[in-house]
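The values are calculated or read from the model by the stated rules, or taken from the named source; none is laboratory data. These figures come from a predicted structure and were not determined experimentally. Glycine gets a Cβ as well: all are built from the backbone with ideal geometry, and neighbour counts include every protein chain shown. We work out accessible area using only protein heavy atoms, side chains counted, and drop any ligands, DNA or RNA first. Shrake-Rupley method; radii C 1.70, N 1.55, O 1.52, S 1.80 Å.
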Amino acid sequence: MTEKKIQIKYHSDKIDRLEYIGGKSDWIDLRAAEEVEMKAGELKYIDLGISVRLPEGYEMIIAPRSSTYKTYGILQPNAPAVVDESYSSDEDIIRYPALAMRDTVIHVNDRICQFRILEHQPRILFEEVETLGHSARGGFGSTGRQ
């Protein structure tokens, strides 16, 4: 696997530096760079304390951590979020849109979301056809619960 260099500017000395969580995943956690109090129903953009410069042809995909809702009661209304390589200046600070489902407090350095870097998908050509040539499998949601 080849490595890609991503330039990062930290805007806070109160958050841990980015790193892989030893052997658990290739997603990397992002942390709140500010103390945030939210009331149920409130939407805030939480400062994550970093700006990045991605390589040409790459994008950052940001999604909630699996424990984010359970721990903080917040949802990411635009999940997943996409940051492309044009969002790359010192002032382009990554923020996490959070919708509070209950009153909550998020502390500086709390891990609230995660990201990975992916190449842009290849250019797609759409071919219109009269039939796709396969039989129906039963419709959306038809695979059952077990």
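Treating r as the C-beta distance of Arg116 and Glu34 and R0 as 25 Å, the FRET efficiency rounds to 0.60. Charge tally around Glu42: other residues with Cβ under 12 Å, Lys/Arg +1 each, Asp/Glu -1 each, net +1.
Spacing of the modelled spin labels on Asp92 and Leu75, each 7 Å from Cα toward Cβ, amounts to 2.9 nm. For Glu34, the solvent-accessible surface computed with a 1.4 Å probe is close to 60 Å², ligands and nucleic acids excluded.
Taking 0.36 nm per residue of separation and subtracting the Cα-Cα distance, full extension of the segment from Leu132 to Ser66 would add 20.1 nm. About the centre of its Cα atoms, the chain shows a dipole size close to 640 debye [charges on the beta carbon of Lys, Arg (+1) and Asp, Glu (-1) only; nearest 20 debye]. For region 1-121, a Kirkwood hydrodynamic radius built from all Cα pairs, placed in the Stokes-Einstein relation at 20 °C and 1.002 mPa s, yields a translational diffusion coefficient of 145 µm²/s.
Taking label points 7 Å from Cα along the Cα-to-Cβ direction, Lys4 and Leu99 give a separation of 2.9 nm. Highest mean first, the peptides 18-31, 121-134, 45-58 sorted by other C-beta atoms within 10 Å per residue fall in the order 45-58, 18-31, 121-134. About its Cα centre, the dipole of region 25-68 is roughly 80 debye, where the only charges are +1 on Lys and Arg Cβ and -1 on Asp and Glu Cβ.
Using the charge dipole of the chain (Lys, Arg: +1 at Cβ; Asp, Glu: -1 at Cβ; taken about the Cα centre), state which of Asn109, Val129, Tyr96 has its Cα farthest towards the positive end. The residue sitting most towards the positive pole is Asn109. A dipole drawn for region 15-145 from +1 and -1 charges on Cβ atoms has a positive end, and of Ala63, Val82, Val52 the residue lying farthest that way is Ala63. Taking amide H as placed 1.01 Å from N in the peptide plane, the amide H of Tyr96 sits under 5 Å from that of Ile46, Asp47, Leu48, each at least 5 places away or on another chain.
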